[in-house]
1. So if we plug the beta-carbon distance of residue 15 and residue 128 into 1/(1 + (r/R0)^6) with R0 = 35 Å, what FRET efficiency do we get, rounded to 0.05?
2. Arrange the peptides 30-37, 54-61 so that the one whose residues have, on average, the most other Cβ atoms within 10 Å appears first.
3. Order of 99-105, 1-7 by packing, highest average Cβ count within 10 Å first?
4. Restricting to Cα pairs below 8 Å that are 6+ residues apart, what does the relative contact order work out to for the stretch 11-80? Please round to a whole percent.
5. For a footprinting-style exposure proxy, rank 106, 22 by other Cβ within 10 Å, fewest first.
6. Rounded to the nearest Å, what's the spacing between the alpha carbon centres of the stretch 30-64 and the stretch 69-101? Just the number, please.
7. Give me D for the stretch 18-66 in µm² s⁻¹, whole number, from Stokes-Einstein with Rh from the Kirkwood sum over alpha-carbon pairs, 20 °C and 1.002 mPa s.
8. Send over the per residue convex hull volume for the stretch 1-86, Cα only, as a whole number of Å³.
């Protein structure tokens, strides 16, 4: 197993170097699902990339829990977006938020309501809400786009963190509500503002006061 991981690590590094040589100056983003996300984080420690997207991120590993004082993850120098399921058995929202508070870089968190470790919403919940897994997946992709676009358009110092995002379980048949919560230095949530039609992302030089807001999308 170790040899397999080492081989994937080397192949990924080699591919990044090839892409960088062929397309100099282009942004490189690493995205991985579950174990693939863990591999992406390892590669990002030795290869400069724009950011890392971890889908179905797991805090539990064979060597222990992520985020311990000796975990190299805490030293990462590029932004990270964590995507977890609300019903995940390997990553609780509170634990991921605690990890984010101890990281030096900007991070984001998407919590998919009523979803499992693989970001799959139960059949019962989808039937009750009149949605499909494709709708849920599209919401996740949209939020990933928001995160990446914000990084590309507005560079930031490593200490600035991205606010977490919550995709609530009560997704309606006509509208999908994606709730973003901001936290102050003590990670305590504050009162919400009225719904806003467009998302606002905390960036350097702007008014970054903690607040809540909502993003509505009409589902065809």
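Coordinate-derived values only; no laboratory data. All figures in this text were calculated on a predicted structure; none of them were measured in a lab. Positions of Cβ are generated from backbone atoms using ideal geometry, with glycine treated the same way; all protein chains shown enter the neighbour counts.
1. 0.25
2. Working: 30-37: 17.9, 54-61: 19.5.
Result, highest mean first: 54-61, 30-37.
3. Working: 99-105: 17.7, 1-7: 8.6.
Ranked from most to least packed, the peptides come out as 99-105, 1-7.
4. Details: 84 pairs, mean separation 20.5, N = 70.
Once divided by the residue count of the stretch 11-80, the mean separation gives 29 percent.
5. Numbers: 106 25, 22 8.
So the ranking, lowest neighbour count to highest, is 22, 106.
6. What the calculation gives is 10 Å, centre to centre.
7. On the way: Rh = 11.7 Å.
Reported coefficient: 183 µm²/s.
8. Values: hull volume 8.5 nm³, N = 86.
Convex hull volume per residue, Cα atoms: 99 Å³.
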